[in-house]
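Novice: I'd like to ask you about the structure that follows.
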Amino acid sequence: MKKIIFAITSMMLLTSCVGDIKQKIKDMLGEASTDSVAVTNSGETQGAEVEDIKDMPLLAAGGYDETDWYAPVGFVPSGLLSGDEYGALSEEQQNAENERHLKETAAFMDMLKQNKERYTKLFVDDTWKDVEFVEANFDRGQESTFAMGWQGEERKDHMQYLRYRPVGGKINIQYEFGMLFTKEYVDSHNFLKVTDRNLAMPEDIFNKIEKQTGKKIAKVPYGYAMGKDYSYFVVQFVNEDQKAYAIHAVNTPEGLALSEMEVTDVDESGEAMWAVDMEGEYPMMNVQIAETAGNVLKIWYTDLAPEHACLGAFIVKGHKITKREHSQNYIWVN
């Protein structure tokens, strides 16, 4: 079973990124590192940008018979290549990329071990709750795994986790997933709560997206408003040549920002094949909260399905959106 979980997780990592192979190789080698990220926990950095992992928010799950909340131990290294992109690297480049992944993951794990007691804020159901650290399990079980159906020692045999307890007793919640923050992170960031989870796309934005992409929109399955000035949408386009297309769009006071176009195959019945464990449907990005710093907007989301739970962020700079997935977790139900 452990080998199966590892294989599934590895496949998710290899297939989660789409981009131009030659450009990704140039980025990795530092020839054009506009999207490269160096993860650091010490202040020593390389690359064009720095991803500070100190106090990085964590995905947390509750809703058990118990009162406690669990954060699975796991981390997705930055700048992952697709299977084809990785295969286009030389052996030397592949070894360097593997080593970079290992160093980033080790730095994140070291951060968790040092700072686990500092995570005292749980954000769930658009509300802040105080929590306190109970225990950690780093040495048994699987990384990047939610052992949902186990209890006590059996959970430790299947899941590596950080465990927290709400101050004042069990939280009555609508959703089972939230995010854990340190108080220092909360105090030093400007947060924007979701003000509308059923936002319809305005006609002017609809028309701008069709004009900029040159594609006809089939549907906008969902949208969110954050604060007074920001909105996020998933956009799906009319199928072309047995391919389905989708994009992320964020409207800001500075204008419209778009992600890279996502593409998947269409099956024999004409249905898009986005996510296997969602019966082909496009993943549901549940926006948790957003934050602004300078001219950068970061939208934190959870991607939940019967077999996985992911935490990531859409990073909006100017008119560009970059998707950064921080953790991908296999849900293990006994």
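Novice: Please state, as a whole number in µm²/s, the translational diffusion coefficient that the Stokes-Einstein equation yields for region 280-334 at 10 °C and 1.306 mPa s, with Rh defined as the Kirkwood radius across alpha carbon pairs.
Specialist: 130
Novice: On to the next question. What FRET efficiency, computed as 1/(1 + (r/R0)^6) with R0 = 25 Å and r the Cβ-Cβ distance, is obtained for Asp84 and Glu281, rounded to the nearest 0.05?
Specialist: Efficiency, from the Cβ-Cβ distance: 0.55.
Novice: What value does region 114-199 have for Rg/Rh, both radii from Cα atoms and Rh as Kirkwood defines it?
Specialist: 1.01
Novice: Right, here's the next one. What distance in nm separates the two pseudo spin-label positions at Glu66 and Arg324, each 7 Å out from Cα along the beta-carbon direction?
Specialist: Modelled inter-label distance: 3.1 nm.
Novice: Quick one: order Tyr175, Tyr245 from most to least accessible surface, probe 1.4 Å.
Specialist: On the way: Tyr175 115, Tyr245 35 Å².
So, going from the largest accessible area down, we get Tyr175, Tyr245.
Novice: Separate question: Place the peptides 182-194, 68-80, 120-132 in order of packing, highest mean first, counting for every residue the other Cβ atoms within 10 Å and averaging per peptide. Walk me through the intermediate numbers first.
Specialist: Numbers: 182-194: 14.9, 68-80: 22.9, 120-132: 17.0.
In descending order of packing, they fall as 68-80, 120-132, 182-194.
Novice: Which entries of Lys121/Lys323; Lys156/Lys323; Lys298/Lys320; Lys193/Lys228; Lys228/Lys317; Lys228/Lys323 show an alpha-carbon separation above 21 angstrom in the structure shown? Please list the in-between numbers first.
Specialist: Working: Lys121/Lys323 24 Å; Lys156/Lys323 32 Å; Lys298/Lys320 12 Å; Lys193/Lys228 10 Å; Lys228/Lys317 18 Å; Lys228/Lys323 23 Å.
Over 21 Å apart, Cα to Cα: Lys121/Lys323; Lys156/Lys323; Lys228/Lys323.
Novice: Tell me the per residue accessible area of region 194-267 using a 1.4 Å probe; a whole number in Å² is fine.
Specialist: With the other protein chains kept in place, region 194-267 gives 52 Å² per residue.
Novice: Given R₀ = 25 Å, FRET efficiency for Val266-Ala305 by Cβ-Cβ distance, to 0.05? Please report the intermediate quantities before stating the final value.
Specialist: Details: r = 20 Å, r/R0 = 0.81.
The pair Val266/Ala305 has a calculated efficiency of 0.80.
Novice: If you place +1 on the Cβ of every Lys and Arg, -1 on the Cβ of every Asp and Glu, and leave all else neutral, what size is the dipole of region 158-202 about its Cα centre, to the nearest 20 Debye?
Specialist: 200
Novice: Another one. Over all Cα pairs of region 61-117, how is the pair count split among 5 Å bins, expressed in % and running from 0 up to the last occupied bin?
Specialist: Using 5 Å bins, I get a P(r) of 4, 16, 18, 16, 13, 11, 9, 7, 4, 2, 0 for region 61-117.
Novice: Less than 19 Å from a label point 7 Å out along the Cα-to-Cβ axis of Asn334: which backbone N atoms in region 152-191 qualify, by residue?
Specialist: Under 19 Å, as judged by backbone N against the label point of Asn334, lie 152-163 of region 152-191.
The values are calculated or read from the model by the stated rules, or taken from the named source; none is laboratory data. The structure presented is a predicted model; accordingly, all values stated were derived computationally and were not measured. Ideal geometry is used to build each Cβ from the backbone, glycine not excepted, and the neighbour counts take in all protein chains shown. Protein only, heavy atoms only, side chains kept; ligands, DNA and RNA dropped before computing areas. Shrake-Rupley method; radii C 1.70, N 1.55, O 1.52, S 1.80 Å.
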